[in-house]
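Asks: Could you have a look at this structure, given as structure tokens, before my questions?
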Amino acid sequence: MMAMGTFLFVLLLALLSLFFFKQLWSQRHLPPGPLALPLIGTLWAYGFWLREDYFRKHVKEYGNIYSMWPGHYLIVVLFGFKTVKEGMMSFPEEFSYRPDDAFMTAVGNRRGIIFSNGHIWKQQRHIGVTSLRKLGLGKKSIEHQIEDVAQTLVEMFRQTEGQPFDPSCAVANAVSNVICALSFGHQFAPEDENFQKLIKALDVIVKFSGCFFHVMLFVFPRLMSYLPGPHKEASASVELITSFAKQEIEKHKESRSLHEPQDFIDYYLLQMEKSRKDPNSTYNEKNLVQCIFDFFGAGIDTTFGTLMWALLLLTNRPNTQEKIQKEIEDVFGFSGLISYQDRKKLPYTNAVIHEMQRLKSVLLVGFPRQSTKDVKLRGYHIPKGTIIIADLRSVLLDPEQWETPEEFNPNHFLDKDGKFLDREEFLSFGIGLRSCVGEQLARIEIFTFLTSLLRAFSFRLPEGVKELNEEPVAKVMIHPHPYKLCAIPLQS
């Protein structure tokens, strides 16, 4: 009996040794990384929960290009500005696909802009880019609508009468209404029940992304499909948002304003009409629904998080607020609208906005790509099907590119004469073919909201509070901890 036990132990040890050496041999040309174990891969080394340092934890040990294995998936991480730029610019087509992910595939169904590939992606991205550009023109342009939403936000802050309050609800309503105006051509009252359900559904999806259950769904998709958990609530939230979009599309089809398009749905329906006889056209209602979902999914929480970080950082830095307010007063006085084009007249304000986005980027990493063929990068073999993650946060905090990467320093974006300085390393909106479609929209929102608020208020700490917490709550999206501030009206 003892001999049989010894034999089985030796056999198990031999099999494990064989597995270990076979793995080392098969991975000898890949970027370095921790040993991948059966089933869980390298999750033993990185952990099952995302943290702020999740992707930089092993950089000192393995370098700026390294491998990780959640389950049987190979992920190659690109870290730092030079590595990210080299990888994404050297292989723009090869690194342009989206990978399979049980939840993300269910969300996108390979449709729309974010989750599609190939011909579908090219056509959906085209309609997204051209519609946004056209909606930027005319008296009812999206910029004018953003200015209207900004004034509503100012009034909501004014109602607090200088008392401590949590700005998150008002900011979420404002940012969500911008996407509603873009997509549907109208806004919603903050108290609208369906509007609040929409905002809550988006919050559920964001909180699910990157959590333990999302990681488990990624590694064990079949098993998780039979188990209860927050992934079920997230899927229900996806259905709610798509149902909301379908209702709006039906309303637009009834009104038939295609010859004078007012919003994204109008432009898309017009394109569907033009492409009706094209057998290669992917312009259809299913892709339209998904494009709207993409606008909500990618365009709300990112801008919301950016504005929440901005208000927190400014509240902790009254001197920075005063310098911005003085610059605005010197250029524009106390009346008249400030448009996005006016940012060139406000170099310090513009520099502060960019620095806040750099220091407190709301994305832990860029959205994953997938290699469409075998490539060689810095001598390493990257096989077809490898998931590529560009660590954009590492670019924005790269000590080789920024003078004080971990500190708030608007001079990062100012030259010696105080003029605004564009920086190639500022990759808050991504890089390459898959960079953010809504970059211009987000820039207009952030600039317009912040200048409107700073023109109306001075943000102060509540009585007894010495400083707001600047430590992040890290998942896929990086948000600040909940906080309160005081919006003290400025005297004109």
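Asks: Which of the aspartates and glutamates could a cross-linker span from Lys360 if the Cα-Cα distance has to be under 12 Å and same-chain partners fewer than 8 positions apart are dropped?
Replies: Output for Lys360: Glu52, Glu406, Glu407, Glu470, Glu471.
Asks: Among the aspartates and glutamates, which fall within straight-line cross-link reach of Lys246, defined as a Cα-Cα distance under 19 Å, with same-chain neighbours fewer than 8 residues apart omitted?
Replies: Filter leaves Asp192, Glu193, Glu254, Asp263, Asp266, Glu273, Glu285, Asp294.
Asks: What is the calculated FRET efficiency for Met89 to Arg317, with r their C-beta to C-beta distance and R₀ = 35 Å, to the nearest 0.05?
Replies: The formula returns an efficiency of 0.50 here.
Asks: Between Lys82 and Lys416, what is 0.36 nm times their sequence separation minus the Cα-Cα distance? Round to one decimal in nm.
Replies: Stretched out fully, the Lys82 to Lys416 stretch lengthens by 117.7 nm.
Asks: Hey, with R₀ at 56 Å, roughly what FRET efficiency would Arg51 and Lys274 work out to, going by the Cβ-Cβ distance, to 0.05?
Replies: Taking R0 as 56 Å, the efficiency between Arg51 and Lys274 is 0.70.
Asks: Select from Thr302, His72, Leu346 the residue farthest towards the positive end of the dipole of the chain; place +1 on Cβ of Lys and Arg, -1 on Cβ of Asp and Glu, and compute about the Cα centre.
Replies: Most positive-ward Cα: His72.
Asks: If you don't mind, another one. Under a 1.4 Å probe, what is the accessible area of segment 364-486 per residue, stated in Å²?
Replies: Solvent-accessible surface per residue comes out at 46 Å².
Asks: Next question, about the same structure. Taking Cα atoms, how many degrees apart are the long axis of helix 142-158 and the longest axis of the chain, rounded to 10 and kept between 0 and 90?
Replies: Here the helix axis deviates by roughly 80 degrees.
Asks: Taking Lys345 as the anchor, which lysines have their alpha carbon closer than 19 Å to its alpha carbon, excluding any fewer than eight residues away along the same chain?
Replies: Within the straight-line limit of under 19 Å, Lys345 reaches these lysines: Lys323, Lys326, Lys416, Lys419.
Asks: Under a 5 Å amide H to amide H cut-off, with H placed in plane at 1.01 Å, what residues pair with Tyr66 once short-range neighbours are removed?
Replies: Counting only residues 5 or more places away or on other chains, the set is Val77.
Asks: State the percent of C-alpha pairs, over all pairs in segment 291-334, separated by a distance greater than 18 angstrom.
Replies: For segment 291-334, the fraction of Cα-Cα distances above 18 Å is 52 percent.
Asks: Express in nm, to one decimal, how much length is gained between His72 and Lys197 on full extension, taking 0.36 nm for each residue of separation and deducting their alpha carbon distance.
Replies: 41.3 nm
Asks: While we're on this one: Per residue of segment 447-464, in order, report the coupling 6.51 cos²θ - 1.76 cosθ + 1.60 (Karplus, θ = phi - 60°) as ³J(HN,Hα) in whole Hz, putting x for Gly and Pro.
Replies: Karplus values, whole Hz, x for Gly and Pro: 5, 5, 4, 5, 5, 5, 5, 6, 6, 9, 9, 10, 8, 10, 6, x, 4, x.
Asks: Per residue of segment 123-134, what does 6.51 cos²θ - 1.76 cosθ + 1.60 with θ = phi - 60° give for ³J(HN,Hα)? Whole Hz please, x for Gly and Pro, Karplus curve as stated.
Replies: Karplus values, whole Hz, x for Gly and Pro: 6, 5, 5, 4, 5, x, 5, 5, 5, 4, 5, 5.
Asks: Okay, next question. For the chain, find the longest principal axis of its Cα atoms and tell me its angle to the long axis of helix 301-315, 0 to 90°, nearest 10.
Replies: With rounding to tens, the tilt is 60 degrees.
Asks: Using DSSP to define loop residues, name the chymotrypsin sites (Phe, Trp or Tyr not before Pro) in segment 425-492 whose beta-carbon has at most 12 other beta-carbon atoms within 10 Å.
Replies: Filter output for segment 425-492: empty list.
Asks: For Glu61 and Glu439 in one chain, what is 0.36 nm times their gap in residues minus the Cα-Cα distance, to one decimal in nm?
Replies: 132.6 nm
Asks: Further question on the same structure: Can you compute the radius of gyration and Dmax for the chain, using only the Cα atoms, both in Å?
Replies: My reading of the Cα-based Rg and Dmax gives 24.5, 93 Å.
Asks: Evaluate the charge dipole of segment 387-492 about its Cα centre and quote only its size in Debye, nearest 20, assuming +1 on the Cβ of each Lys and Arg and -1 on the Cβ of each Asp and Glu.
Replies: 560 debye
Asks: Once label points are set 7 Å from the Cα along Cα→Cβ at both Lys286 and Lys466, what is their separation, rounded to one decimal in nm?
Replies: 5.9 nm
Asks: Just to check I understand the Karplus step: with θ = phi - 60° and J = 6.51 cos²θ - 1.76 cosθ + 1.60, what whole-Hz values come out for segment 266-271, glycine and proline as x?
Replies: 4, 4, 5, 4, 5, 5
Asks: Also, quick follow-up: Once every Cα of segment 307-374 carries one equal point scatterer and solvent is ignored, give the base-10 log of I(q)/I(0) from the Debye formula at q = 0.11, 0.22, 0.29 Å⁻¹, two decimals.
Replies: For the requested q values the scattering log ratios are -0.39, -1.01, -1.32.
Asks: For the pairs Lys82/Lys384; Lys57/Lys344; Lys82/Lys373; Lys134/Lys253, note any where the Cα-Cα span goes beyond 28 Å.
Replies: Lys57/Lys344
The values are calculated or read from the model by the stated rules, or taken from the named source; none is laboratory data. All figures in this text were calculated on a predicted structure; none of them were measured in a lab. No Cβ is skipped: glycine too gets one built from the backbone with ideal geometry, and neighbour counts run over all protein chains shown. Only protein heavy atoms, including side chains, enter the accessible area calculation; ligands, DNA and RNA are left aside. Shrake-Rupley method; radii C 1.70, N 1.55, O 1.52, S 1.80 Å.
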